[in-house]
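Scroll down for the structure; my scribbles are underneath it.
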Amino acid sequence: MKILHLNYTDKIGGAAIAANRIHNALLESGIESNMLVKKSIIDDEKIIRPKYFWEKFINYFKFRFSQVLVKLFFHSDNKTLHSLNLFSCNSLVNFINKSDYDLIHLHWIGLEMLSIEDLSRINKPIVWTLHDMWAFCGAEHYSDDLRWKKGYFNSNRPREEFGFDINKWVWERKRLYWKGRFNIICPSDWLSKCAQESKLMEDWSVTTIPYPISNKILNPIDKNLAKKTLGLDVNVRYLLFGAMGGTKDPRKGFDFIEKFLPKLKEENIKIIIFGQKNKIKKTLRESEKIINFGIINDFNILGALYSSSELMIIPSRMDNLPNTALESLICARPIVAFRTCGLSDIVDHRLNGYLSQPFDVDDLYNGILWILNLDSNSYNKVCLNAKNKALTKYSPNEVSKQYLNLYQKVCKEKN
């Protein structure tokens, strides 16, 4: 079986990292797999990328122009990315249709990788792993209103929005062109439930298959050795927070951590941040409790960061199945998070971490204290539980089996 994965990039962002890990899990299982991307960083013969400058320029122009249209004609308090997927890419559709791939596996195709209409012109069997809510929403990639569930109408438009209703327009285009009902895959039960409850996909086939995480990529090392490797104080206990966009993305919830920072004043505890491209704000830069490692591209450094910490904090307001959580598990580090979205799939309360009541800062802090105050035997058991869950539920071998079963089913139905 020959599979082609489509994702906007091969490494930048959580969806790209997850798609790449799925692609590699399939390769390890003996399945012929390629990735096709619009923007490439990884030098790999299995990744198909734009060859010519003019291709890169056109791709850049299309997504920049679409974002200009959003900014000019639309205003919303929802600051998540909005993708119009307006501009067709005939060359890509033609390449796919003329290829010998048995199945096309869509991933994150925002920012004009393909138009909404393009998807209806692909004549190969399609499965689509959703990495956010865009596929069944309007233009927004995450939404906390219920238009995606009820339908996009003038009567239920949020009051704070004004200008052209881009979300309604994009959603209606999806409803018009997506008659084929793609086979949808969601990495978390939460996202699967959202897709099934959405007006657009209420009668589509939806399957939950998690992301894989491999201990060949990340493995824990001795805590003190990790601290020395990173130049950290072996006498300090470190808490870890990591996310693309870091402290700047409201959805990732770093503001909840800021609220309990004063409580750490007398404690021998510091918080390590990673994943943020730009500098963190001045108050955090000047805080003696915050250490910012920026963007980490080296898995050895990333593994040392997880290993040097006592636990991972993931205070997301809305999240699918964050890669940082799986990375924390494979490095045998417990997680403290809110009992919300896909994090409930990952964290087993008081077994491999602590699930706090949603958006309750005091309970989030209680969860941190619960782990920090465990005796060594209990702490080691929680860490082992984390590692074991990664090695079983999220193992590449297990995940690739689930994908192969679905591929075979979809191809059989198509024929």
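FYI, it's all coordinate maths here, none of it is from the lab. These numbers come from a predicted model, not from an experiment. Heads up, the Cβs are rebuilt from the backbone with ideal geometry, glycines too, and the neighbour counts pull from every protein chain shown.
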- Query: Among 323-336, 268-281, how do they line up from the highest to the lowest mean number of other beta-carbon atoms within 10 Å?
  - Reply: 323-336, 268-281
- Multiply the residue gap between residue 169 and residue 299 by 0.36 nm, knock off their C-alpha separation, and tell me the result in nm, one decimal place. 42.6 nm
- Query: The list [x] 133; [y] 154; [z] 145 gives values of volume of the Cα convex hull per residue in Å³, and only one came from this structure; which label was calculated from it?
  - Reply: [z]
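Can you give the charge dipole size of the chain about its Cα centre, rounded to the nearest 20 debye, using +1 on the beta carbon of Lys and Arg and -1 on the beta carbon of Asp and Glu? Walk me through the numbers on the way to the answer.
Working: 59 positive and 46 negative charges, 128 e Å.
Dipole of the chain, to the nearest 20 debye: 620 debye.
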- Message: Spelling out what I want: for every residue of the range 144-159, take phi, set θ = phi - 60°, compute 6.51 cos²θ - 1.76 cosθ + 1.60 (Karplus), and round to whole Hz; glycine and proline get x.
- Response: 10, 8, 10, 5, 5, 8, 9, x, 9, 10, 4, 6, 10, 6, x, 4
- With the chain treated as a Gaussian network of Cα nodes joined by springs under 10 Å, which of 387, 51, 193 yields the largest mean-square fluctuation? 51
- Query: Out of residues 5 or more away from residue 32 or on other chains, whose amide H comes under 5 Å of its own, with H placed 1.01 Å from N in the peptide plane?
  - Reply: 3
- Too long for a 21 Å Cα-Cα cut-off, among 38/252; 38/98; 228/259, are 38/252; 228/259
- Would you pull out the residues with amide H under 5 Å of residue 89's amide H, same chain only if 5 or more places away, H placed 1.01 Å from N? 115
- Kirkwood hydrodynamic radius over Cα pairs of the range 223-392, then Stokes diffusion coefficient at 4 °C and 1.567 mPa s, in µm²/s: 82 µm²/s
- Note on the structure: Given backbone amide H placed at 1.01 Å from N, residues whose amide H is under 5 Å from that of residue 82, ignoring those fewer than 5 places away on the same chain, are none
- Find how many whole Å separate the alpha carbon centroid of the range 398-415 from the alpha carbon centroid of the range 299-356. 29 Å
- How much length, in nm to one decimal, is gained on full extension between residue 179 and residue 146, taken as 0.36 nm per residue of separation minus their Cα-Cα distance? 9.6 nm
- Backbone HN-Hα couplings from phi across the range 119-124 [Karplus 6.51/-1.76/1.60, Hz, Gly and Pro as x]: 4, 6, 9, 7, 9, 9
- Message: Could you identify which residue out of 313, 42, 371 has the top mean-square fluctuation in a GNM of the chain using Cα springs shorter than 10 Å?
- Response: 42
- Note on the structure: Ordering 118-125, 352-359 by per-residue average of other C-beta atoms within 10 angstrom, highest first, gives 352-359, 118-125
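Can you give me the relative contact order of the chain as a percent, contacts being Cα pairs under 8 Å and 6 or more apart? Please list the in-between numbers first.
Values: 783 pairs, mean separation 58.3, N = 415.
Value for the chain: 14 percent.
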- Query: Gaussian network model of the chain, Cα springs within a sub-10 Å range: biggest mean-square fluctuation belongs to which of 60, 379, 403?
  - Reply: 60
- Note on the structure: Phi angles of the range 282-291, converted by Karplus (6.51 cos²θ - 1.76 cosθ + 1.60, θ = phi - 60°) into ³J(HN,Hα) in whole Hz with x for Gly and Pro, give 4, 4, 7, 4, 8, 6, 6, 8, 10, 10
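Sort 84-93, 206-215 by the packing proxy (mean of other Cβ within 10 Å over each peptide's residues), most packed first.
Numbers: 84-93: 17.6, 206-215: 21.3.
In descending order of packing, they fall as 206-215, 84-93.
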- Treating cross-link reach as a plain straight distance, find the aspartates and glutamates whose alpha-carbon is under 16 Å from the alpha-carbon of residue 289, omitting any fewer than eight places away in the same chain. 233, 255, 258, 266, 267, 310
